[in-house]
Structure formats: structure tokens, C-alpha cells
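What follows is calculated from the coordinates using simple rules that are stated; it is not laboratory data. Predicted, not measured: the structure shown is a model, and the values here were computed from it. FYI the Cβ positions are ideal-geometry reconstructions off the backbone, even for glycines, and counts take in every protein chain you see.
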Amino acid sequence: MDIAGSRYFIVPDDVPSLLFHKSVDVVDPAGEREGTAWLSPIQGPEKHELTTVIEQHLYVIGYRDLGRILAGESVAVPVREFHPL
């Protein structure tokens, strides 16, 4: 993920945990933990997006876009910052 000029990653080994409804670490290029990611909503069978918290900001990636990355169809997708109403 490119956010505000910084890069963040989910380690490929953590993707299976993510897909089994667990939260995973978001790391920087040096491997330092910078946040947490999970599929939303946590409860319920249908997932709609990847949600991540980095430096107290909430970001979302659409589930369809996440699927394109995991399938190798895309290397970049939109990342939106969530702003509560």
C-alpha cells in the first residue's frame, strides 16, 4: 500500500490468516510493524473490504480490488482513507 508517500505491506505468509478471518500485521519495508489489517466486517459471512489501521488512521481497500492483487491481475489498487460522518 502506498499511503502519503510511505509504503506498507502485508507479508505474503500472513495472507492465509487474513482469509481465515484473523487480523494480520501491516509492516514497512524494513519489516517493522506499523499497523493491523483485517477483512471487514469481522462478523458476518460476506466480506466487503480490507480494513487497515496505520498511525491511528483507518484505510480501506475494496474486496474486489484485493482479489485482483491476490490473483496477480493488478499491482496497484485504490486505497481510501475512511472518515466517519
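List of remarks:
- Label positions at TYR63 and ASP28, each projected 7 Å from the Cα along the C-beta direction, are separated by 3.3 nm.
- Top positive-direction residue, dipole computed over the stretch 2-81 with Cβ charges, set VAL11, VAL53, LEU70: LEU70
- Net charge over other residues, Cβ less than 13 angstrom from the Cβ of THR36 (K, R count +1; D, E count -1): -2
- In plain terms, the bigger the Kirkwood radius, the slower the diffusion; for the stretch 2-81, with that radius from Cα pairs, at 25 °C and 0.890 mPa s, Stokes-Einstein puts D at 192 µm²/s.
- Contact order normalised by residue count of the stretch 10-57, Cα under 8 Å, 6+ apart, percent: 28
- Considering only VAL24, VAL11, VAL53, the Gaussian network model of the chain with Cα springs below 10 Å gives its largest mean-square fluctuation to VAL11.
- The VAL11 and GLU46 beta-carbon pair, evaluated with R₀ = 22 Å, returns a calculated FRET efficiency of approximately 0.30.
- Calculated FRET value between LEU19 and SER74, using beta carbons and R₀ = 25 Å, to 0.05: 0.90
- 11 Å beta-carbon shell around VAL11, net charge (K/R +1, D/E -1): -2
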